[in-house]
Amino acid sequence: MTFTTETMQEILPLLQNSLHSQDSISFSVLNPDLSHGYAGKLVEVEGREYLYRGYKAWVDLAELLLCKMLTPKEEGSALVSLSFEKLERKDSFHIDSKSMKEEKYGVSSHFFEIHKMEEPAFFYYYHQALQNVKIATRKRILNLGINRGDEFKVIQKLLDVKEYKNSTFVGIDHSKSAIAYAKENFKETNIQFYAEDINEIDRLNLGKFDLLISIGTLQSPSINFKPFFMSLVQNILEKEGAIILGFPNSRWIAGELIYGAKAPNYAMSEMSLLFNDVIFCKKYLQQHKYRVTLTGKQYLFLTATKII
């Protein structure tokens, strides 16, 4: 199968139909290295017309089809062969069922295999958020849903030794095995980890913090999101504190970070619940005199700093 001047409206259903009965498909297209421009540009190569598309367009298409794009292979002087391989949808922490729900995120889970900071679209915006809150000025930092401590590791590398030692870090997660792992990897005395349900944070008597971080945790089914968030701002955050919240707009499937929030009872990505939570937080914080920014892609990062 070779695509030359076929439109995406023609290509997409052809590939969808092929994937109904096959675990992988291969097809030939114009080598993207032979031209440049926007997708759909008509170009002529060796006397034949093609609609140009860059590799990014083909990678995006593979993602939409829940496939992984394999390494392209040159096919003559003008074409490359692309192969899409179906992702194994069962290979995902989203459908894990553990006898102890807290260990859905433990060291033996699918979730623990994920290294968010190695995904450029995650790391870039998290790093940007840390810069926005002026991380070097934050002395008491709380992370809700810390798991093995990836967010703290980035901060550790970002600060100089003196700044790092002069800050206090507290991480809470309900997975006992993840917290045990974090304790083994952070031996410093200025870091504390608690294996607790964050709904019970008040009984820990931790005091207040000038930076609150929570990535993909506050939307957990066990948390009554809106009242819990308001309580955090009122009771846990210092008067001039800052917040970094990460809202998942993606799914993790078979080693791939797939764009788009998945809502119950919808076959496609449906983001109403996501934006409802994001806009609620934004409006609430603005009402309390915070400057709020929203960035990101696969994860939306809400960053809030007090207007002084």
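Just so you know, all these numbers are worked out from the coordinates, no wet-lab data involved. Bear in mind the structure is a predicted one, so any value in this text is a computation, not a measurement. Quick reminder, even Gly has a Cβ in these numbers, built from the backbone with ideal geometry, and neighbours come from all protein chains shown.
With the highest mean first, a sort of the peptides 139-146, 290-297 on other beta-carbon atoms found within 10 angstrom per residue produces 139-146, 290-297. For the pair region 26-84 / region 272-308, the C-alpha centres are spaced 38 Å from each other. Dipole magnitude for the chain: about 1480 debye, using +1 per Lys or Arg Cβ and -1 per Asp or Glu Cβ, origin at the Cα centre.
Per-residue ellipticity at 222 nm, computed for the chain from helices alone with -39500 (n - 2.57) per DSSP H run of at least four residues, works out to -8500 deg cm²/dmol.
Under a 5 Å amide H cut-off, with hydrogens placed 1.01 Å from N, Leu237 pairs with Phe209 among residues at least 5 apart or on other chains. Of all the options Gln16, Gln128, Gln298, the one that moves most in a Gaussian network model of the chain with Cα springs shorter than 10 angstrom is Gln16.
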